[in-house]
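Structure record follows, encoded as structure tokens.
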There are 2 protein chains.
Amino acid sequence: MCSCHGSFWFLRGHMQRLRVISSKGKYEVVVGRGAWRALRRFPQGDYTSIFVLTERALWMRWGKAFCREGQLRNAPILFVPSGETSKSLKMVERVAGQILERGADRRSLLIAFGGGVVGDLGGFVASTYMRGIDYVQVPTTVVAQVDSAIGGKTAVNVGQMKNLVGTFCPPRLVLADPMVLSSLSDRAFRSGLYEAVKHAILSGPTLFKRIEAGLPSLRSGNPTELDGILAGAAKVKVGVVGRDEREAGIRRVLNLGHTFGHALEEATRYRRFMHGEAIGWGMVIATTMAVRLGILDPGIARRIVHLVRRVGPLPRIHDLDVVDLLRLLPRDKKAVGGRIHWVLPEKIGKVRITAEVPTRVAAAAFRDTQQAKWYE
Amino acid sequence: MCSCHGSFWFLRGHMQRLRVISSKGKYEVVVGRGAWRALRRFPQGDYTSIFVLTERALWMRWGKAFCREGQLRNAPILFVPSGETSKSLKMVERVAGQILERGADRRSLLIAFGGGVVGDLGGFVASTYMRGIDYVQVPTTVVAQVDSAIGGKTAVNVGQMKNLVGTFCPPRLVLADPMVLSSLSDRAFRSGLYEAVKHAILSGPTLFKRIEAGLPSLRSGNPTELDGILAGAAKVKVGVVGRDEREAGIRRVLNLGHTFGHALEEATRYRRFMHGEAIGWGMVIATTMAVRLGILDPGIARRIVHLVRRVGPLPRIHDLDVVDLLRLLPRDKKAVGGRIHWVLPEKIGKVRITAEVPTRVAAAAFRDTQQAKWYE
């Protein structure tokens with residue numbers, strides 16, 4: 001089904017260049033301080049025009065540095081309002097119309113400079129504008145740097161349904177410089193760490209222990225620690241999408257925590273949780289389910305839950321109704337024929353994908369988590 | 001760039017099954033009376049649900065026959081208003097929302113039953129719904145049967161710009177039964193024939209002569225003649241897209257007549273010409289350009305123009321301003337860096353793609369055509 005794989009190598013100190021071989025050619029994921037400079041080596045001159053899609057406040061703070069570091073000149077900047085509402089077909093229409101008006105053709109390049117919203121929207125616009133132009137991802141949030149900007153999944157929302165319409169279309173380059181994370185709010189920063197924890201559960205004890213040890217110092221301490229964790233988490237994503245670009249098999253492991261996570265977001269109309277926070281809760285619930293099903297040692301489960309909770313306070317779930325949540329589960333995009341495919345941890349470094357989970361187990365795990373019975 | 005090719009074989013009398021090998025797997029284009037029956041051999045049972053996207057009047061006339069012939073049961077039918085305005089991102093949003101509401105998941109199938117609008121819209125929805133579900137094209141117009149339903153180009157319009165947003169995504173099956181063409185208006189029927197003439201110019205004397213000879217009897221005479229021409233024209237498209245799925249090279253020959261054609265449509269706000277009619281004029285202008293550039297024998301040019309004009313009366317162009325039209329040309333999606341890539345006939349069976357055409361030659365050819373100086 002898939003003809004791609006990932007490989008990694010190191011470059012000058014803390015910067016890493018990870019290589020992804022996708023169905024549409026190779027591309028690099030550059031992670032670390034100074035990553036933006038890799039845009040200088042990118043063949044900008046091959047394009048008839050280059051556009052930047054971003055959010056205004058973010059660009060005011062970092063735009064000048066990015067253009068200087070990347071030696072990017074005279075690129076028109078297109079702003080979209082911050083927030084999830086920009087991930088819409090209406091905005092696709094607006095952005096496509098704007099770049100057309102400014103002369104974008106089939107050989108133009110789009111740079112998506114921002115978090116998940118800008119990345120998903122920009123990727124979708126690029127993958128469909130004139131049936132596809134090249135694009136570069138410059139992720140500026142933790143979630144985007146370790147997860148959403150890597151792998152070529154693009155999407156916009158339709159109504160209340162997140163990511164209902166989208167494409168698989170790899171970028172030409174991903175530039176993740178952790179410097180930019182310094183302007184994130186504490187909550188937004190922490191929200192991204194849940195995805196890093198997810199990648200640690202998928203990959204194994206090395207990254208998991210590194211997060212356990214480094215967690216207290218990630219914002220305030222030595223940047224080396226943060227950079228190492230980000231690069232490690234990004235590497236997990238590169239490895240998975242390299243083996244399964246179109247989510248036919250192994251890539252589904254990345255949905256750990258997402259089944260309940262999406263339901264939590266939807267049940268609260270995307271107002272209560274940041275995405276990563278919902279995934280944090282989703283991982284706790286999936287972990288609890290795995291213990292109830294007897295496939296995960298309670299001691300390891302406690303360690304996972306402890307790390308998730310150490311990341312920071314999560315918005316409340318005690319007022320949510322389990323029946324409402326269960327009703328939302330089959331609407332998840334991962335459901336096929338109404339059957340939910342659960343991703344459940346078996347140990348640190350191994351998950352199982354299964355549809356064989358009785359609803360009562362999911363319900364009980366959610367109630368356990370609400371009441372925090374067994375891991376407190 | 002491209003890893004696909006086409007091959008052909010015959011099946012029981014007038015029905016032809018053409019095979020396309022695309023980057024996303026093989027698919028068949030079945031052309032001829034009884035083509036809809038090929039849906040019986042299609043693995044309908046592999047899908048969790050099957051949806052039909054169509055137009056109401058068309059479905060009222062042919063829906064029952066299609067379901068019977070194709071042994072399609074209990075498929076929800078989704079109607080879109082007829083006409084170009086349905087090719088919008090707004091309609092994508094509506095259709096995606098509707099099939100979600102009715103339980104469509106990643107293993108659902110969409111059947112686009114209609115002409116170019118339904119085919120392009122349906123293909124785009126299918127190629128992006130949950131990042132891509134399978135779809136079947138059932139073209140019901142001449143243009144769709146010989147051209148737009150084959151090859152996996154999908155698109156919607158943005159503002160006045162036709163097909164600005166789209167994808168390359170091959171269908172799983174194309175079923176073209178000429179029986180359904182009997183309910184087309186004369187004008188719509190003729191409009192499609194211009195595309196068949198285009199394919200004849202691309203392919204060579206055999207198909208070209210067949211159209212020259214068969215033209216008077218296509219609506220009223222023996223269906224064998226029509227079926228043979230349709231299959232021949234479809235085969236040209238299959239052959240081209242088989243060699244160049246993503247329009248990186250050879251596929252661009254299919255744009256013969258489209259550069260001026262699109263400008264004519266845009267200049268008249270898509271109100272005066274049916275698409276094929278604009279392409280008819282576009283081919284005459286391209287032919288005239290080729291003569292002016294000395295790359296086409298005037299005798300052959302006369303033969304091409306004669307055949308185009310024999311198809312039927314074309315809406316007037318004498319009132320259009322050449323400067324206005326020339327201004328619209330670089331907006332065409334085929335333009336790169338503002339340079340227009342012209343497709344010009346060199347003989348019947350051969351075209352040249354070139355950006356080396358002085359604007360004054362294009363202008364003069366348009367004026368010649370307006371005044372019909374040299375071929376009358």
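Bear in mind that the values in this text are calculations on the coordinates, not laboratory data. Predicted model, so just to flag it, every value in this text is computed and none were measured. In this analysis, Cβ positions are derived from the backbone assuming ideal geometry, glycine residues included, and neighbour counts consider all displayed protein chains.
Quick notes on this structure:
- Averaged over the residues of B:92-98, the number of partner chain Cβ atoms lying within 10 Å of the residue Cβ comes to 5.
- Helix-only mean residue ellipticity at 222 nm for the protein assembly as shown, each DSSP H run of n ≥ 4 adding -39500 (n - 2.57), per residue, nearest 500: -13000 deg cm²/dmol
- Shielding by other protein chains, A:147-158, mean Cβ within 10 Å: 2
- For segment A:159-251, trypsin sites (Lys or Arg not before Pro) meeting the loop criterion (DSSP other than H, G, I, E, B) and having at most 15 other Cβ atoms within 10 Å: A:Arg219.
- Counting Lys and Arg as +1 and Asp and Glu as -1 over every other residue whose Cβ lies under 15 Å from the Cβ of B:Ser191, the net charge comes to +2.
- Antiparallel %, DSSP beta bridges [both residues in the protein assembly as shown], to 5: 55
- Qualifying aspartates and glutamates (Cα of each under 19 Å from Cα of B:Lys26; at least 8 residues distant if same chain): B:Asp46, B:Asp134, B:Asp147, B:Asp244, B:Glu245, B:Glu247
- For the peptide A:163-173, the mean number of other protein chain Cβ atoms found within 10 angstrom of a residue's Cβ is 4.
- Largest GNM mean-square fluctuation across A:Thr224, A:Thr54, A:Thr154, computed for chain A with C-alpha springs under 10 Å, falls on A:Thr224.
- For B:Ile111, the residues 5 or more places off, or on other chains, whose built amide H falls under 5 Å of its own are B:Phe51, B:Val52, B:Leu53, B:Val136.
- Coupling constants for segment B:316-330 follow from the phi torsions by the Karplus curve (6.51 cos²θ - 1.76 cosθ + 1.60, θ = phi - 60°), and in residue order they are 4, 10, 5, 8, 8, 9, 4, 5, 4, 5, 4, 5, 7, 4, x Hz; glycine and proline get x.
- Taking every DSSP beta bridge that has both ends in segment B:5-183, the antiparallel portion is near 45%.
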